[in-house]
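Student: Have a look at the structure that comes next, please.
Read-outs throughout are calculated quantities, based only on the coordinates presented, and are distinct from any laboratory measurement. Please read all numbers here as calculations on a predicted model, not as lab measurements. Backbone-built Cβ (ideal geometry, glycine too); neighbour counts: all protein chains shown.
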Amino acid sequence: MRPSRRTDRWCLVGLVLAVLIGGGCFVGPRGRTAGPEAPPPPTASAPVTGAEAADAGADGTMSVEEFERDIVGAVRLAERYWAEQFAALGESFRPIRNVTAYRREGEVACAGTGLPRNNAVYCSRGDFIAYDVMWAVAAFRKIGDAFLYYLLGHEYAHGIQVRLGIRYDYTIQQELQADCMAGAYLGDSVRSGALILDDGDLDELREGLQAVADEPGQPWFAEDAHGTAEQRASAFFGGFQKSLDACDL
């Protein structure tokens, strides 16, 4: 995926999620652990070498500077998209207060609970998104940029659920709706020309959705259930193809 020339210089954001439920926190797209074990974060802005990219399965040159631009750009894209949706309903939109990175377990807390490594979360109590930057970089290099758009879109969708006052009896309902909303955010952005799909982007999205699916045998009614690979892909691509009409809003 890449931004259209008629828009700001947007790119991607990426966080792969671990489960954190309760106390005013929403979990992002994770069921089972996805992606590689996080390596130490890069310490320079030099591009990844060809050998490193091949070893990581990366889909292109990904420097620290690019990663940072992508996070900022993805937040701007989400803010713009949801502001337009609220405006169409005659409602004012309040962006999520902050998006912050952390490096150590417990460095950032949601409702008094420290966030673990290999995690990203929307915290409704503080109205912020937080993510483990080391794992985010690993996912950025391993899976690819298109999947990172999905990850940011899913987290932002949890903030929109709070703003709309949406509540569900089961976590899986909340998570699959957020997948659908993330799909709508991306599909609508492509249709409007704000984003351009590159070869392989849809495959990256499918791979990522498979990676964050629940483990086989996870009960659908479990407190931390997010959905099978088939359920998550169905929800996401339903939104991608049919916009928010598919998301039960």
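Student: Considering Cα pairs under 8 angstrom that are at least six residues apart, work out the relative contact order of the range 161-249 and quote it in whole percent.
Tutor: Details: 112 pairs, mean separation 41.2, N = 89.
Over the range 161-249, the number comes to 46 percent.
Student: Which of the peptides 166-175, 203-212, 103-112 is most tightly packed, and how do the rest follow, going by the mean number of other Cβ atoms within 10 Å of each residue?
Tutor: On the way: 166-175: 17.0, 203-212: 20.9, 103-112: 13.9.
Ranking the peptides 166-175, 203-212, 103-112 by packing returns 203-212, 166-175, 103-112.
Student: In addition: Quick one: if you stick a label point 7 Å off each Cα along the C-beta vector at Asp248 and Ala109, how many nm between them?
Tutor: Those two pseudo-labels are separated by 3.5 nm.
Student: Next up: What net charge do the residues around Gln231 carry, taking every other residue with its C-beta under 13 Å from that of Gln231, with Lys and Arg at +1 and Asp and Glu at -1? Walk me through the numbers before you get to the answer.
Tutor: Values: positive: Arg232; negative: Glu175, Asp179, Asp214, Glu230.
In short, -3.
Student: For the range 178-249, state which chymotrypsin sites (Phe, Trp or Tyr not before Pro) are in a DSSP loop and have at most 13 other beta carbons lying within 10 Å of their beta carbon.
Tutor: Of the chymotrypsin sites (Phe, Trp or Tyr not before Pro), the ones in loops of the range 178-249 whose Cβ has at most 13 other Cβ atoms within 10 Å are Phe221.
Student: Highest mean first, how do 150-156, 194-200 rank when packing is the count of other Cβ atoms within 10 Å averaged over residues?
Tutor: On the way: 150-156: 28.3, 194-200: 15.4.
Highest to lowest by the protection proxy: 150-156, 194-200.
Student: With a ≥ b ≥ c taken as the square roots of the eigenvalues of the C-alpha gyration tensor of the range 95-249, please select rounded if a/c is under 1.5 and otherwise prolate if a/b is larger than b/c or oblate if it is not? All intermediate terms of the calculation are to be shown ahead of the outcome.
Tutor: Working: a/c = 1.34, a/b = 1.19, b/c = 1.12.
Rounded, since a/c falls under 1.5.
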